[in-house]
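First comes the structure, then the notes that go with it.
Every number here is computed from the coordinates shown, using simple stated rules; none is lab data. Owing to the predicted nature of the structure, the values given are computational and were not obtained by experimental measurement. Glycine gets a Cβ as well: all are built from the backbone with ideal geometry, and neighbour counts include every protein chain shown.
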Amino acid sequence: MSLSSPPRPLLPPPTPPLVVPTGEASAAIWAQGLEVEFQSGKDRYPILKGIDLQVPRSCFLALTGPSGVGKTTLLYTLAGILTPARGKVSLLGRSLTQAKRAQVEQFRLQHIGIIFQEFYLFSALTALENVMLAPKLKGIKVPSARHLALTWLEKLNLGHRVDQLPRNLSGGEKQRVAIARALASNPQIILADEPTSALDSQNGRNVALILQQLCHEQQVTIVMATHDHRILDLADRVVTIEDGRVVGDS
Ligand SMILES: Nc1ncnc2c1ncn2[C@@H]1O[C@H](COP(=O)(O)OP(=O)(O)OP(=O)(O)O)[C@@H](O)[C@H]1O
Ligand SMILES: [Mg+2]
């Protein structure tokens, strides 16, 4: 080695495995050419047929379209729960489609809040315990997780129901627990699947206003699948899907 050559590093420089090109990096959500199909026996059913979706940070995007068109499938694909047959997804500048499953799960835990259409509450846990689970899994200590959970349950008008098991809650109450759980981990991206489907107009409006406020005041990015025309006016952008493709973007 000559004296002028730089010293050789002991270890190769760290190369973050999920980093993507600059264009994708600035978007909260960058999905390109997404194709998803389900298999039944020998038959394959294409559901998403080439979806492109770019969502800037702090955008409140509503996803609409007839029942069965693939809104939940798209949200699951954006969350890395479903792997597309073709196409790619990057979130917050990290490629999910190129990442290993454990990396995707860790990323989801840290950055994404999902409000499931079917709620998926743990039946043996109270409302409060269900909501505390999200911040606890993220590494937040129990007293803070409890405080966060109570704050969100109260904002969703459930302060009087925190010690109830899911079987003692109404459909709308269960849905609001599911919403509180998604919000309690302070995610940067929220994927909300029909979050007002079981709610009366007052609670539905309250939920949509909370989501809008998170976007505009805390730079959270939201994709919300909805059939609820009472709240569409609160979204910054409405994307319509039909026959597996984006047919409207306004
Ligand atoms: N795991 C699966 N296996 C096979 N087919 C599936 C599966 N999940 C969904 N599908 C089918 O894919 C299509 C899209 O379903 P998806 O749940 O994404 O629709 P959606 O737009 O969310 O509908 P809705 O508005 O009723 O919630 C439907 O025809 C559904 O039956
Ligand atoms: Mg759905």
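Laid out as a table, the results:
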quantity	calculated
Extreme residue, positive dipole direction of the chain, given options 54, 148, 192 (C-beta unit charges)	148
Separation of the residue 88 and residue 219 label points, Cα + 7 Å toward Cβ, nm	2.5
Length added when fully stretched, residue 237-residue 167, from 0.36 nm per residue minus Cα-Cα	21.6 nm
Zone residues, the stretch 216-241, relative to residue 201, backbone N less than 20 Å from point 7 Å out along Cα-to-Cβ	226-235
Crossing angle, helix 101-111 versus the chain [Cα axis fit, 0-90 degrees, rounded to tens]	60
Ranked packing of 51-58, 137-144, most packed first, by mean Cβ within 10 Å	51-58, 137-144
Bins of 10 Å, starting at 0 and running to the largest distance - Cα pair percent for the chain	7, 29, 33, 20, 6, 3, 2, 0
With Cα atoms, 0 to 90° folded angle of helix 171-183 axis to the chain main axis	30
The chain: angle of helix 127-137 to the longest principal axis, Cα-based, in degrees nearest 10	10
Magnitude of the charge dipole, the stretch 200-249, Cβ model with Lys/Arg +1 and Asp/Glu -1, debye to 20	80
The chain, relative contact order in percent, only Cα pairs under 8 angstrom and at least six apart counted	26
Distant-in-sequence amide H partners of residue 117 (H built 1.01 Å from N, under 5 Å)	193
Only Lys, Arg (+1) and Asp, Glu (-1) charged, at Cβ; the chain dipole about Cα centre in debye	820
Amide proton proximity set for residue 237, modelled H, under 5 Å, gap of 5+	60, 62
The chain, helix-only ellipticity at 222 nm - DSSP H runs n ≥ 4, -39,500 (n - 2.57), divided by all residues, nearest 500	-9500 deg cm²/dmol
Antiparallel bridge percentage (DSSP; both residues within the stretch 23-249; nearest 5)	55
Estimated inter-spin distance, residue 40 and residue 249, nm [label 7 Å along Cα→Cβ]	3.1
